[in-house]
Every structure is written in C-alpha cells, then in structure tokens.
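Scroll down for the structure; my scribbles are underneath it.
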Amino acid sequence: MLTDLLQSALTQAKYYKNIEIDLVFRLGLLKFLTQELTNQFANLILEGKEWIRQRGEYFERSQPAHVIKARLSELQSARQKVIRGVGQQVAQMLSDIEENVIAKTRRALFGDDFAPIYEILRNRIVFLDGGKDDVFFLEHYVLLGNYSRDPRPI
C-alpha cells in the first residue's frame, strides 16, 4: 500500500509536471507516520488499562491484574525504545521502496535535480521520538557535547 501511495503521488507530480507535489506528499506522509507511531503506542497502553477495568473491580485488585499493570508500566517506561524500533522498521520499509521502485521512476521522469532533498527525507532521525534518542545517536553518530554539562571542544 505504501508503494502504491508513493507511486500515485509521483504520478500526480508527473501529470501536473511539478515535482513539488511529490515532495509535499512525502513530507505529509512522514508527518503522518511519525504521529501515528506515538498515537498507536498511547492507544496500546490505554487499551491495556481499559481491558483491566472492564474485567471488574474484583479483577483490578487481583494478582494477575497487578502483573499486567506492571508489564504496562514497563512498556511505558520503554516507550522510547519501542518507538525507536518500530520507527526504524518503517524507515527501512520506506528506504527499500525508495531504492527499488520510486527512485528509478522519479529519475526517469524528473532527473536527478531533487536527489539531495529526497536523501534528506530518508534520514532515520525523523522516526525518533522527539528527534532525540541517545542510544540511536551512539550507534550511528559520534556525539560531542550533546548535553549542556558536557565539556565543549576548543
């Protein structure tokens, strides 16, 4: 479905002879996907809490309910890790679609004039929770002076 969406935006851009249509669509899609990641995580936590409440007051005080609540709490504390993992999977899917299908079509239709802009849109940092994730940055980048208390290089 994602491939079809991206190809339809490229088709519209070709029809109107305006690649900015594809760029705006791509930006809108990235915004939607990043918001949806956080929304779905919040829905998951909410559904877990609702499920416990629906079982009744007696169940809410039982040991299985406390175990489920503890697991929900652990999941909530691992929010950044979960969103990072899912976000990176989505970024990989987008990257694969871009490399294998969309980029070839776009180059054939519009040339390589906008390649640097599309490369920026493929940056995986977009899918991080709030754009900040020290674990991700440590794995992929060199961090110098990330915090205000860190010594600044001269």
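On the stretch given as the range 88-127, residues that are farther than 21 Å from Gln12 by Cβ and touching a residue at least 60 places away in the same chain (Cβ under 8 Å) total 3. Might you check whether a residue that is in contact with a Phe, Trp or Tyr (Cβ under 6 Å, 6 or more places away or on another chain) and part of a loop (DSSP other than H, G, I, E, B) occurs anywhere in the range 16-24? Checked the range 16-24: at least one residue is in contact with a Phe, Trp or Tyr (Cβ under 6 Å, 6 or more places away or on another chain) and part of a loop (DSSP other than H, G, I, E, B). Is it the case that the range 64-83 has a residue that's surrounded by 10 or more Cβ atoms within 10 Å (Cβ to Cβ), within 30 Å of Thr3 (Cβ to Cβ), of a type in the set (A, V, I, L, M, F, W, C) and at pLDDT 90 or above? Yes, the range 64-83 has at least one match.
Considering the range 79-116 alone, what residues qualify as being of a type in the set (Val, Ile, Thr) and over 23 Å from Phe137 (Cβ atoms)?
Ile97, Val101, Ile102, Thr105
What is the residue count in the range 2-22 for residues that are among the charged types (D, E, K, R) and under 11 Å from Thr105 (Cβ atoms)?
From the range 2-22, those among the charged types (D, E, K, R) are 4, 14, 17, 20, 22; that's our starting set.
Still in the list and also under 11 Å from Thr105 (Cβ atoms): 14, 22.
Total meeting the criteria: 2.
The values are calculated or read from the model by the stated rules, or taken from the named source; none is laboratory data. Everything numeric here is computed off the predicted structure, so don't read it as measured data. So basically every Cβ, Gly included, is an ideal-geometry build from the backbone, and we count neighbours across all protein chains shown.
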